[in-house]
């Protein structure tokens, strides 16, 4: 299987070449409005999957950051400074993300970065940004260990420069478990995609679910298409079926969850599939072929259109006419960008060049506190979002509908 | 019951591997080239059928649409395979063997990127249409769940295998292929148009790959530009398992690989069993077979000309 590794290197190379050429032409245009008085330039990086199966989410993150920066430049939020966005494609792959992070860290005018989308990628980019003293705020990393370390009983801050605006699997998984128990569902089969995110979600779910008296009938895994799976889940479904579960809890993303849900229902197993924020995406419903009525997903925060700030964000995003939807993480990316911008107001006030303001920005981000579109934006001593609001969404009439919003206890 | 169920699952995924594996083996048999872009031919087939549906039949589910969709798939994959042979491989016919191999990898990457960049919406997985009778709720036969797409896939393999057997053994072109595979120089002296035979070999593999593309779409309801890479790798494994260059071997290798995967998932107990170890056992099987039978299960039919 030597040829596989050749292709594995070849594909990212080709993609990186394309992505780079795309950056060159678009990075200059993305600054949008220029304020007359601005003299110096500071950059905010975006690192997310802008191609590949998760690009729908990644592009939503990119445009949301662009929107936040555009608004900040328009109001001249940081006097004397103009903000630019540079974006890098991590292809949802750890090795590509690492290279992209190194490139960003090498740019002296980059002070803060929004990203990555995948926990497994952030694991690789965290140390790079941390040693360069670049603030990294992820809108979507939900694996608990990224902030508190692998040992949840003895939490220890991993990287001083790393923050996140979303809640973690330590909250999402258990919240889903409590929700199912409350609905009288006591037997669940779990499936995850062997990625850091999916596995973390299922582990957190399993712990709470069994503690509350539930039974896990079967624990299976699948392989994502990016890692060599073929989206044929019949063997897994056959294994799950004899245990007669009342629901399937899936840890992973929508490109696999959609077909899985469809194949489960086609196999005459009419039970709901529940997942985390990775499946809370309109594409999930498309891929599930209309058979996913009643499927559930948790997502962090209150629904974006439940608050005035959220409504305004969605309206502004629509008005800016970006080619892609803001997606599941748009609001978190927008809040993350604004957290950096807020911090820059303090850190750049007395700075002569962006690089010297890096440490001050980290300090300022850890103290930010403002009302964002996803709720209160502030970080605890580990870099986690203090807001622990979660919403369960349900597929109804071919759309995700908010079913229950609550604060995790 | 579980055994039977997993056997059916395995035969289904195995049929898909087999349909693609034939393309590797036919081309290898004639020109000794591992066409690593063959997985992409399969992917293009799936996109070809989706394009036909999107352009002409959007929103419809009638079983009759399957015919134009299959034609679209086959047209797309055969077209791409023939162009690939003409412009990427033919100029390298007499180059060292490594050159066409690297070219194949380059073609594979290019085709993936072309689809990703230019097929509308292909930046993330696209939903594949649900067609009456061949997709939808599975049939229940006692305890056995029989997926409709599985019936289509296995059926497609049976029809294709019969067609292949007839084509290779009963037509002039097919016998020409056998002759070229045994000795291209003598075949040329006997008046066989070797270039034409090679194009036919590529087209034949692409024909089956196109059908496999439709089968895969119906099974999983989602297609993406990367699906060809994985499927191609598995199919190549199947071709080697059965004996590369041997068409019957490709079919047998595909089925054996599929069944081995699904049975290993169900019946290997403990820490080394279950879905995470599925691929491990599939490749262990490959290694064991190659250790004891380096020529593959049915044996490579091509005499080594080196």
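Throughout, read-outs are computed from the coordinates displayed, never taken from laboratory work. These figures come from a predicted structure and were not determined experimentally. So basically every Cβ, Gly included, is an ideal-geometry build from the backbone, and we count neighbours across all protein chains shown.
Against the globular-protein guess of 2.2 N^0.38 Å, express the Cα radius of gyration of segment B:159-220 as a ratio, rounded to two decimals.
On the way: Rg = 14.1 Å, N = 62, 2.2 N^0.38 = 10.6 Å.
Compactness ratio reported: 1.33.
Please give the calculated 222 nm ellipticity per residue for the protein assembly as shown, where each DSSP H segment of at least 4 residues contributes -39500 (n - 2.57) and the sum is spread over every residue; nearest 500 deg cm²/dmol? Walk me through the intermediate numbers first.
Values: 24 runs with 376 residues, N = 715.
One gets -17500 deg cm²/dmol as the mean residue ellipticity at 222 nm.
To the nearest whole number, what is the average tally of beta carbon atoms from other chains within 10 Å of the beta carbons of peptide A:222-231? Provide the component values of the computation, followed by the final result.
Values: counts 3, 5, 1, 10, 4, 2, 7, 5, 10, 10.
The mean count of partner-chain Cβ atoms within 10 Å per residue comes to 6.
Give the shape of segment A:55-124 as rounded, prolate or oblate, defined through the alpha-carbon gyration tensor: a ≥ b ≥ c are the square roots of its eigenvalues, a/c under 1.5 means rounded, and otherwise the shape is prolate if a/b is larger than b/c and oblate if not. Write out the running numbers ahead of the final one.
Values: a/c = 3.12, a/b = 1.65, b/c = 1.89.
Judged from the Cα gyration tensor, segment A:55-124 comes out oblate (a/c at least 1.5, b/c at or above a/b).
How large are Rg and Dmax for the protein assembly as shown when only the alpha carbon atoms are used, in Å?
Over the protein assembly as shown's Cα set, Rg and Dmax evaluate to 26.8, 87 Å.
For chain A, take the longest principal axis of its alpha carbons; what is the angle in degrees between that and the long axis of helix A:308-319, to the nearest 10 within 0 to 90?
Approximately 80 degrees, to the nearest 10.
Within a 10 angstrom radius of each residue's Cβ in A:253-261, how many Cβ atoms of other chains show up on average? Whole number is fine. Intermediate values should be presented prior to the final figure.
On the way: counts 0, 3, 4, 3, 0, 5, 7, 1, 1.
Partner-chain Cβ atoms within 10 Å, mean over residues of A:253-261: 3.
Could you please rank B:275, B:171, A:167, B:25, placing first whichever residue has the fewest other Cβ atoms within 10 Å of its Cβ? Each step should come with its number before you reach the end.
Working: B:275 22, B:171 12, A:167 27, B:25 32.
Ascending number of Cβ neighbours within 10 Å: B:171, B:275, A:167, B:25.
Taking chain A as the reference, fit the longest principal axis to its C-alpha atoms, fit the long axis of helix A:2-26 to the helix C-alpha atoms, and give the angle between the two in degrees, 0 to 90, nearest 10.
Rounded to the nearest ten degrees, it is 40.
Report, to two decimal places, the Cα Rg of segment A:323-409 normalised by 2.2 N^0.38 Å (N = number of residues).
Details: Rg = 16.6 Å, N = 87, 2.2 N^0.38 = 12.0 Å.
The value comes to 1.38.
Over all Cα pairs of segment B:14-228, how is the pair count split among 5 Å bins, expressed in % and running from 0 up to the last occupied bin?
1, 7, 15, 18, 18, 15, 11, 7, 4, 2, 1, 0
Using only the alpha-carbon atoms of segment A:253-371, report the extent along each of the three principal axes, biggest first, to the nearest angstrom.
Principal axes ranked by extent give 65, 29, 24 Å for the Cα atoms.
Roughly what % antiparallel, to the nearest 5, for the DSSP beta bridges in the protein assembly as shown?
Numbers: 22 of 58 bridges.
Antiparallel bridges: around 40 percent, rounded to the nearest 5.
Nearest 10 degrees, 0 to 90: what angle lies between the long axis of helix A:94-105 and the longest principal axis of chain A (Cα atoms)?
Approximately 20 degrees, to the nearest ten.
Ordered by packing density, taken as the mean number of other Cβ atoms within 10 Å over each peptide's residues, highest first, how do B:41-54, A:344-357, A:213-226 rank? Intermediate values should be presented prior to the final figure.
Numbers: B:41-54: 26.6, A:344-357: 17.8, A:213-226: 19.3.
So the peptides B:41-54, A:344-357, A:213-226, ranked by packing, come out B:41-54, A:213-226, A:344-357.
Going from the alpha-carbon gyration tensor of segment B:1-64, what semi-axes, largest first and in whole Å, does one get by taking the root of 5 times each eigenvalue? If you can, show how the numbers build up before the last one.
Working: eigenvalues 143, 116, 12 Å².
The three semi-axes for segment B:1-64 are 27, 24, 8 Å.
What order, most packed first, do the peptides B:155-163, B:114-122 have when packing is the mean number of other Cβ atoms within 10 Å of each residue?
The most tightly packed comes first, giving B:155-163, B:114-122.
Could you work out, residue by residue across A:68-77, how many beta carbons of other chains sit within 10 Å of that residue's beta carbon, and then give the average as an integer?
Numbers: counts 0, 0, 0, 0, 0, 0, 0, 0, 0, 0.
The shielding value for this peptide is 0.
Can you sort B:34, B:144 so the residue with the fewest Cβ neighbours within 10 Å comes first?
On the way: B:34 19, B:144 15.
The fewest-first ordering by Cβ neighbours comes to B:144, B:34.
Counting only C-alpha contacts under 8 Å and six or more residues apart, can you give the relative contact order of chain B as a whole percent?
Numbers: 530 pairs, mean separation 106.1, N = 306.
Result for chain B is 35 percent.
In Å, what Rg and Dmax follow from the Cα atoms of segment A:134-211?
13.8, 47
I'd like to know how segment A:53-182 sits against the 2.2 N^0.38 Å rule of thumb: what's its Cα Rg over that expected value? List each step's numbers first, then the result.
Working: Rg = 16.2 Å, N = 130, 2.2 N^0.38 = 14.0 Å.
This ratio for segment A:53-182 stands at 1.16.
Classify segment B:166-306 as rounded, prolate or oblate, taking a ≥ b ≥ c as the square roots of the eigenvalues of its Cα gyration tensor: rounded when a/c is under 1.5, otherwise prolate if a/b is larger than b/c and oblate if not.
oblate
Under the Kirkwood approximation applied to all pairs of distinct alpha-carbon atoms, what is the hydrodynamic radius of segment A:212-319 in Å?
15.2 Å
Average projected area of the Cα convex hull of chain A, in nm²?
Values: hull surface 77.1 nm².
The Cα convex hull of chain A, projected and averaged over all directions, gives 19.3 nm².
If each residue's Cβ is checked for other Cβ atoms within 10 Å, how do B:15, A:387 rank with the fewest at the top? Mind dumping the intermediate values first?
Numbers: B:15 25, A:387 22.
Sorted ascending by nearby Cβ count, the order is A:387, B:15.
Under the classification rounded if a/c is under 1.5, otherwise prolate if a/b is larger than b/c and oblate if not, where does segment A:256-323 fall, given a ≥ b ≥ c as square roots of the Cα gyration tensor eigenvalues? Intermediate values should be presented prior to the final figure.
On the way: a/c = 3.51, a/b = 2.16, b/c = 1.63.
Verdict is prolate for segment A:256-323.
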